[in-house]
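Here is the structure we will look at, set down as structure tokens.
The numbers here are math on the coordinates, done by the rules we state, and not lab data. As the structure is a computational prediction, the values presented were derived from the model and not from experiment. Glycine gets a Cβ as well: all are built from the backbone with ideal geometry, and neighbour counts include every protein chain shown.
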Amino acid sequence: MPRRKQSEEQVAAMRERILDAAMALLQQSGPDVITIRAIAERVGVSHMVLYTYFENRAALLAALRERQRGRMQERYTDMLKRAEAGDVRAVLREALAHYAQAARRRPRVYQVLWVLPITSYEPPAEQRRRLEGHLQHLSRLVQLGIERGVCVPRDPLIAAATAFAIVNGPLILHHNGRLAGAALLEAVEAEAIAAAMSYLLV
């Protein structure tokens, strides 16, 4: 008996379940364990079922990246709205502090995004696109700060890239094993955010 055709809502819900399972595996063990079989086992279906929703592993990973990019864009849009309506300095600090928060909350994901060599999980063009997205977001906040007279007038993109590097430098050193100790990391994180804000603000 042929399987009953699923509604668009059912297909979308199953795709989300699959992507949730892939993200959970990424957070627990890193990108190398994200296989069709491992995801299917986590979802509780035959691995062949996953091919109904994604053509292959590459398509699944691309969908996972796109979903994360969409969520990131929503956060950026919200931050920009709050900066336009309120205190751009506070939102800039929040945007910079987010990297340390993300690194603590999801260390394996942070390592994949910013520390590990480029792998099949994320091709070089995708990695550049992601970094450009982060820098564009920060540069919009910096530009708004310049217009409000709270940020030093300079090229917003260069300022954003510099602030990004100041804040992420200690995190990258910690996650590749060169900056050991939670207490030291926490202190350096705070200093890095303060240094970035000092660099940006008038």
Taking amide H positions as placed in the peptide plane 1.01 Å from N, state which residues far from residue 201 in sequence (5 or more) or on other chains have amide H under 5 Å from it.
152
Mind checking the angle between helix 182-200 and the chain's longest principal axis? C-alpha axes, 0 to 90 degrees, to the nearest 10.
60
Helix-only mean residue ellipticity at 222 nm, the chain, DSSP H runs n ≥ 4 weighted -39,500 (n - 2.57), per residue, nearest 500. What is it?
-24500 deg cm²/dmol
State to the nearest 20 debye the size of the charge dipole of the chain about its Cα centre, where the only charges are +1 on K and R beta carbons and -1 on D and E beta carbons.
440
Angle, helix 124-148 long axis vs. longest principal axis of the chain, Cα atoms, 0 to 90°, nearest 10?
40
Angle check, please: helix 57-85 long axis (alpha carbons) against the longest principal axis of the chain (alpha carbons), in degrees 0 to 90, nearest 10.
30
Can you tell me the length gained on complete extension of the stretch residue 4 to residue 148, counting 0.36 nm per residue apart and subtracting the Cα distance?
46.0 nm
Once normalised by the length of segment 88-202, the mean sequence separation of its alpha carbon contacts under 8 Å that are 6 or more apart gives a contact order in percent of 34
